[in-house]
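> I am attaching a structure below and will ask some questions about it afterwards.
The values are calculated or read from the model by the stated rules, or taken from the named source; none is laboratory data. If you're wondering where the values come from, they're calculated on a predicted model, not measured in any experiment. Cβ atoms come from the backbone with ideal geometry, glycine included; neighbour counts cover every protein chain shown.
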Amino acid sequence: MSGDPQPREPRADARRNRERLLSAAREVVAEQGAQASLRDVARRAGVGLGTLYRHFPNRDALLEALLGAGFDRLTARARVLLDAPDPGAALRAWLTELADGVALHRGLSASLVAVLADETSPLYASCSALREAGSALLTRAQAHNAARPDLDGTDLFTLIGALAWIADQPTPIATRRPHLTTLILDTLTPPTPTP
């Protein structure tokens with residue numbers, strides 16, 4: 001016999017525990033935000049904290065399991081939109097989807113900023129791919145004079161972070177997020193030259 005042993009399929013109870021943890025985490029993160037108590041996640045799933053840490057060694061690993069697929073979907077969507085006939089409209093559509101997704105999770109924007117500075121984070125690859133995809137859409141829109149030339153990918157993600165922060169605020173401010181999203185997206189367009 002030669003070669004590495006094949007990885008074993010997780011036991012049925014381990015798979016069930018992982019699914020229960022993810023289901024509970026979706027609820028707890030929706031209620032408490034990205035900095036939700038991991039103890040509350042384990043409690044809601046009906047498992048011990050040790051079981052949570054066996055499946056997700058840290059908060060970022062849990063967030064990657066919860067959010068990574070959504071980030072990957074948005075990255076793939078950006079790649080599709082690179083072929084859209086209107087680069088400016090494609091950029092706006094993608095940024096709107098991203099802003100709406102980030103706003104669903106309170107405190108997520110701060111977590112994403114921290115993740116992009118930590119290459120060892122489980123979320124780093126998903127976030128970096130997302131930022132690169134957004135930057136490619138921006139570059140294409142700029143090449144077609146459909147986006148300001150003084151913007152870069154970091155600017156885009158900072159603006160999305162600001163919109164996510166607005167969603168975290170008390171009701172009078174949070175309800176302004178759709179209007180402010182439109183306002184921010186409008187600022188991406190280059191100013192019309194005056195005659």
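> Scanning the stretch 75-97 for residues that are touching a residue at least 12 places away in the same chain (Cβ under 8 Å) and assigned to a loop (DSSP other than H, G, I, E, B), which turns out nearest to Tyr124 (Cα to Cα)?
Leu82
> State which residue pairs qualify: first residue buried (at least 16 other Cβ atoms within 10 Å of the Cβ) and inside the stretch 30-58, second residue assigned to a helix (DSSP H, G or I) and of a type in the set (Asp, Glu) in any location, beta carbons under 7 Å apart, and separation of 6 or more residues or different chains.
Arg44/Glu27
> For the stretch 89-104, check the following and say yes or no: at least one residue is aliphatic (A, V, I, L, M), surrounded by fewer than 16 Cβ atoms within 10 Å (Cβ to Cβ) and under 12 Å from the mean Cα position of the chain (by Cα).
Start the filter on the stretch 89-104 by keeping residues that are aliphatic (A, V, I, L, M), which leaves 89-91, 93, 95, 98-99, 102-104.
Then keep just the ones that are surrounded by fewer than 16 Cβ atoms within 10 Å (Cβ to Cβ); that gives 89, 104.
Right, trim to under 12 Å from the mean Cα position of the chain (by Cα) and you get 104.
Within the stretch 89-104, one or more residues are aliphatic (A, V, I, L, M), surrounded by fewer than 16 Cβ atoms within 10 Å (Cβ to Cβ) and under 12 Å from the mean Cα position of the chain (by Cα).
> Considering only the stretch 131-152, state which residues are under 26 Å from Thr192 (Cβ atoms), without any contact (Cβ under 8 Å) to a residue 40 or more places away in the chain and either among the hydrophobic types (A, V, I, L, M, F, W, C) or surrounded by 16 or more Cβ atoms within 10 Å (Cβ to Cβ) (or both). Lay out the reasoning, then the answer.
Kept after step one, since they are under 26 Å from Thr192 (Cβ atoms), are these residues of the stretch 131-152: 134-152.
Now restrict to residues that are without any contact (Cβ under 8 Å) to a residue 40 or more places away in the chain: 135, 139, 142, 150-152.
Within the stretch 131-152, Ser135, Thr139, Gln142, Leu151 meet the criteria.
> Now for a different question. Among the numbered criteria (1) buried (at least 19 other Cβ atoms within 10 Å of the Cβ); (2) at pLDDT 90 or above, which single criterion is violated by Leu82?
Result: Leu82 passes all but (1).
> Step by step: first the residues of the stretch 153-174, then only those that are over 21 Å from the mean Cα position of the chain (by Cα) and modelled with pLDDT of 85 or more, then the one that is surrounded by the fewest Cβ atoms within 10 Å (Cβ to Cβ). Which residue is that?
Keep residues of the stretch 153-174 that are over 21 Å from the mean Cα position of the chain (by Cα), which gives 170-173.
Checking the rest, the ones that are also modelled with pLDDT of 85 or more come to 172-173.
Numbers: Pro172: 7, Ile173: 13.
Checked the stretch 153-174; the qualifying residue surrounded by the fewest Cβ atoms within 10 Å (Cβ to Cβ) is Pro172.
> Let me ask something else. When the residues of the stretch 105-130 are filtered to those that are crowded, with 16+ Cβ neighbours inside 10 Å, of a type in the set (A, V, I, L, M) and more than 19 Å from Leu163 (Cα to Cα), which remaining residue is modelled with the highest pLDDT?
Going through the qualifying residues, I end up with Ala129.
> Moving to a separate point now. Taking only the stretch 130-150 into account, find how many residues are over 25 Å from Val115 (Cβ atoms) and part of a helix (DSSP H, G or I).
Matching residues across the stretch 130-150 total 4.
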